Structure formats: structure tokens, C-alpha cells
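Participant: Below you'll find the structure I mean.
The values are calculated or read from the model by the stated rules, or taken from the named source; none is laboratory data. Nothing here was measured: the structure is a model prediction, and the numbers come from that model. When we count neighbours, we look across all protein chains shown, and the Cβ atoms used for this are built from the backbone with ideal geometry, even at glycine.
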Amino acid sequence: MTGDDRGMDLGAAAGALARAMVAAETPILDEAGLSMWEYVVLDALADATAISQADLSQRTRRDPTRLGHLLDALSDRGLVDRARSTDRRRVTVSMTIAGQQAHARVKRQIRAMEESFLRSAVGDGGGATARALLSRLGQAAGELSTD
């Protein structure tokens with residue numbers, strides 16, 4: 001057995017990390033009154049002034065019907081706005097100021113939790129490197145072919 005064979009398989013390590021992060025994020029989201037999927041939607045809207053509901057569905061990988069229910073809940077709470085285009089065939093979604101504030105508050109809390117986790121896992125100096133490496137792996141995973 002080589003040194004590389006002793007560690008966790010990448011899938012197992014990624015799964016363990018994902019489960020731990022979801023468990024750690026849940027109380028933060030609960031306190032904010034958001035579900036995990038509602039936060040995913042707000043996070044996808046954070047970098048756009050407005051996006052079509054169809055594009056948002058692709059970005060979040062939520063089927064349009066489920067996304068519609070999430071958007072209804074977020075809209076009812078004043079966190080997103082939806083507007084029909086002039087031809088009435090397209091719906092555009094954007095975050096309200098309240099949505100931006102809620103997203104920013106939750107994002108700060110999640111980042112603080114992640115930084116604490118990274119410090120405990122890899123030490124004070126390794127957090128930025130670990131985050132950069134994980135980001136690169138996440139981007140590469142999106143390009144991974146299953147052929």
C-alpha cells in the first residue's frame with residue numbers, strides 16, 4: 001500500500017465534509033428562518049441584479065415547479081421580487097434589499113463557521129489554501145465527465 005492509498009477516497013472525504021458543513025449550517029439557517037434551498041436560491045441571486053426564473057432553475061439545479069414554490073415563500077417574506085417581461089413569457093427574479101441583507105448576514109455567519117472549522121482542521125495558516133483548493137476541486141467536479 002502506498003502513502004496515497006491510506007487516506008480517504010475523494011468521494012468519501014467530500015461526502016463527509018458536505019454532511020458536516022450542512023449540519024453546521026443548519027442552525028444558522030434556522031435562526032435566519034431560511035431553508036437550505038432558500039439560501040441556495042438567495043446565494044445564486046447574490047451575483048446578479050436580476051435573472052430569469054429559467055436560468056435560476058438551471059443555476060440552482062431545482063426543477064421549475066419546486067423553484068416556483070421556493071420563490072413564492074421568499075417573495076411572501078419580502079426577500080425576492082418576481083416580474084414578468086413585457087411579452088409576459090419570461091419571469092425575472094431579483095433579491096430585495098431585505099433579501100440582500102438576510103443573505104449577507106447568513107453568509108457572514110457561515111463564513112465565520114467555515115473559518116473556525118478550517119483553523120481547527122488545518123491550522124491558522126492553511127485555511128486560505130484549503131478554501132482555494134476546495135474551490136478549484138468544486139469547479140473541476142462540475143466539468144468531470146461520467147462517460
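Participant: If a residue has to be under 20 Å from residue 16 (Cα atoms) and either within 17 Å of the chain's Cα centre (by Cα) or hydroxyl-bearing (Ser, Thr, Tyr) (or both) to count, how many in the range 105-137 make the cut?
Facilitator: 15
Participant: Residue 92: over 24 Å from residue 20 (Cβ atoms) and hydroxyl-bearing (Ser, Thr, Tyr), yes or no?
Facilitator: Working: over 24 Å from residue 20 (Cβ atoms): yes; hydroxyl-bearing (Ser, Thr, Tyr): yes.
It is true that residue 92 is over 24 Å from residue 20 (Cβ atoms) and hydroxyl-bearing (Ser, Thr, Tyr).
Participant: Here are the criteria: (1) of a type outside the set (Lys, Arg); (2) at pLDDT 90 or above; (3) surrounded by 14 or more Cβ atoms within 10 Å (Cβ to Cβ). Tell me which single one residue 31 does not satisfy.
Facilitator: All conditions pass for residue 31, except number (3).
Participant: Could you list, in sequence order, the residues of the range 78-88 that are surrounded by 15 or more Cβ atoms within 10 Å (Cβ to Cβ) and farther than 10 Å from residue 42 by Cβ? Quick ask: steps written out before the conclusion?
Facilitator: Taking the range 78-88 and keeping what is surrounded by 15 or more Cβ atoms within 10 Å (Cβ to Cβ), we get 79-82.
Hits for the range 78-88 are 81, 82.
Participant: Then there's this: So, residue 43, is that one among the acidic types (Asp, Glu), in contact (Cβ under 8 Å) with a residue 40 or more places away in the chain and surrounded by 15 or more Cβ atoms within 10 Å (Cβ to Cβ) or not? If you could, list the steps in order and put the result at the bottom.
Facilitator: Working: among the acidic types (Asp, Glu): yes; in contact (Cβ under 8 Å) with a residue 40 or more places away in the chain: yes; surrounded by 15 or more Cβ atoms within 10 Å (Cβ to Cβ): yes.
For residue 43, the condition - among the acidic types (Asp, Glu), in contact (Cβ under 8 Å) with a residue 40 or more places away in the chain and surrounded by 15 or more Cβ atoms within 10 Å (Cβ to Cβ) - is met.
Participant: To continue, here is another question. Within the range 127-137, how many residues are closer than 20 Å to residue 24 by Cα and touching a helix residue (DSSP H, G or I) at 6+ places or on another chain (Cβ under 9 Å)?
Facilitator: Total satisfying the criteria: 5.
Participant: I've got another one for you. Does residue 88 meet the test of being farther than 24 Å from residue 116 by Cα, assigned to a loop (DSSP other than H, G, I, E, B) and either at pLDDT 95 or above or not hydrophobic (A, V, I, L, M, F, W, C) (or both)?
Facilitator: Numbers: farther than 24 Å from residue 116 by Cα: yes; assigned to a loop (DSSP other than H, G, I, E, B): yes; either at pLDDT 95 or above or not hydrophobic (A, V, I, L, M, F, W, C) (or both): yes.
Criteria met by residue 88.
Participant: Related question: Does residue 58 qualify as being surrounded by 12 or more Cβ atoms within 10 Å (Cβ to Cβ), part of a helix (DSSP H, G or I), touching a residue at least 12 places away in the same chain (Cβ under 8 Å) and not β-branched (Val, Ile, Thr)? Reasoning before the result, please.
Facilitator: Working: surrounded by 12 or more Cβ atoms within 10 Å (Cβ to Cβ): yes; part of a helix (DSSP H, G or I): yes; touching a residue at least 12 places away in the same chain (Cβ under 8 Å): no; not β-branched (Val, Ile, Thr): yes.
Taking the combined requirement at face value, the residue does not satisfy it.
Participant: Let me ask something additional. Under the condition of being of a type in the set (S, T, N, Q) and more than 15 Å from residue 90 (Cα to Cα), which residue from the range 38-64 is farthest from the chain's Cα centre (by Cα)? Lay out the reasoning, then the answer.
Facilitator: Step one: of the range 38-64, the residues of a type in the set (S, T, N, Q) are 49, 52-53, 57-58, 60.
From the residues that got through so far, the ones that are more than 15 Å from residue 90 (Cα to Cα) too are 49, 60.
Details: 49: 17, 60: 8 Å.
Per the stated criteria, the residue is 49.
Participant: While we're on this one: Filter the range 89-103 down to residues that are in contact (Cβ under 8 Å) with a residue 24 or more places away in the chain and closer than 16 Å to residue 39 by Cβ and give me whichever is surrounded by the fewest Cβ atoms within 10 Å (Cβ to Cβ). Can you show your working first?
Facilitator: As a first pass, look at the range 89-103 and keep what is in contact (Cβ under 8 Å) with a residue 24 or more places away in the chain: 90-95, 99-100, 102-103.
In the following step, the residues that additionally are closer than 16 Å to residue 39 by Cβ were identified as 93, 95, 99-100, 102-103.
Numbers: 93: 24, 95: 23, 99: 22, 100: 15, 102: 22, 103: 21.
Filtering the range 89-103 for residues that are in contact (Cβ under 8 Å) with a residue 24 or more places away in the chain and closer than 16 Å to residue 39 by Cβ, the one surrounded by the fewest Cβ atoms within 10 Å (Cβ to Cβ) comes out as 100.
Participant: If you go through the range 70-88 one residue at a time, how many are touching a residue at least 12 places away in the same chain (Cβ under 8 Å) and among the basic types (Lys, Arg)?
Facilitator: The total comes to 2.
Participant: Given 21, 8, which one is over 16 Å from the mean Cα position of the chain (by Cα) and under 24 Å from residue 142 (Cβ atoms)? Talk me through it step by step, then tell me what you get.
Facilitator: Values: 21 fails: over 16 Å from the mean Cα position of the chain (by Cα).
Of 21, 8, the one residue that is over 16 Å from the mean Cα position of the chain (by Cα) and under 24 Å from residue 142 (Cβ atoms) is 8.
Participant: Right, residue 38: part of a helix (DSSP H, G or I) and touching a residue at least 24 places away in the same chain (Cβ under 8 Å) or not?
Facilitator: Working: part of a helix (DSSP H, G or I): yes; touching a residue at least 24 places away in the same chain (Cβ under 8 Å): yes.
Yes: the conditions hold for residue 38.
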